[in-house]
Amino acid sequence: MSDTQTPAEQGQEPAATGQVETLPDWAREAISRANGEAARYRTEKNDAVTAAKEAVNQEWATKVSDSQARSAALEADLGDAWVYAAKLEAAVNAGVPTDKVLAFAKFLKGSDEASIKESAESAKALFGIGTQLATDPTQGSGGVPPVGLNSDALLSAVTAIVNGK
């Protein structure tokens, strides 16, 4: 390497070996056409890049809005399912017989746990759902009404059994 630096090494542009004005007309026209064509290609490329970016942005904006709509619908469905489950739980906790839980849950109002529980208690009081189990007074009698202890029907039944009729 030499101790002297060339203009390119110093950060300067090297001097042009010839001037454009000194070129023949056909060369200047060719350079002008080439420069114009290059400029046209640059603008076409920039327009194509801009159009592609806009198309991609539009496509993703559509996908994002669709995803947000689906997410909102799923959140609404989840909220409805939670309210329904809370109503069923309130009906079971209120002591509603199992065959009436679904019908009872339809009458309950509210969208949070406290209001649903309050609605269940008031509906339970309104419908008179008790905790005492129902008994069948005819159980064991074969569907025949019960007989009094000092009635003629009891005397006839005992006589028939004793006499073997």
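The values are calculated or read from the model by the stated rules, or taken from the named source; none is laboratory data. These figures come from a predicted structure and were not determined experimentally. Ideal geometry is used to build each Cβ from the backbone, glycine not excepted, and the neighbour counts take in all protein chains shown.
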- Task: Taking the residues in segment 8-31 that are surrounded by 10 or more Cβ atoms within 10 Å (Cβ to Cβ) and in a helix (DSSP H, G or I) as candidates, determine which candidate is modelled with the lowest pLDDT.
- Result: 20
- Find all pairs meeting these conditions: Cβ atoms under 9 angstrom apart; at least six residues apart or on different chains; first residue within segment 105-127 and aromatic (Phe, Trp, Tyr); second residue not in a helix (DSSP H, G or I). 127/96
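Residues checked against (1) at pLDDT below 95; (2) closer than 30 Å to residue 128 by Cβ; (3) hydrophobic (A, V, I, L, M, F, W, C); (4) outside any helix (DSSP H, G or I):
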residue: 57; (1), (2), (3), (4): no, no, no, no
residue: 69; (1), (2), (3), (4): no, no, yes, no
residue: 86; (1), (2), (3), (4): yes, yes, yes, no
residue: 89; (1), (2), (3), (4): yes, yes, no, no
residue: 101; (1), (2), (3), (4): yes, yes, yes, no
- Task: Scan segment 71-84 and give yes if some residue there is in contact (Cβ under 8 Å) with a residue 24 or more places away in the chain and not in a helix (DSSP H, G or I), otherwise no.
- Result: no
- Item | Residue among 156, 122, 115 that alone is in a helix (DSSP H, G or I), at pLDDT 90 or above and of a type outside the set (A, V, I, L, M, F, W, C) | 115
- Item | So residue 34, is it of a type in the set (Gly, Ala, Ser), over 30 Å from residue 112 (Cα atoms) and either part of a helix (DSSP H, G or I) or modelled with pLDDT under 90 (or both) | yes
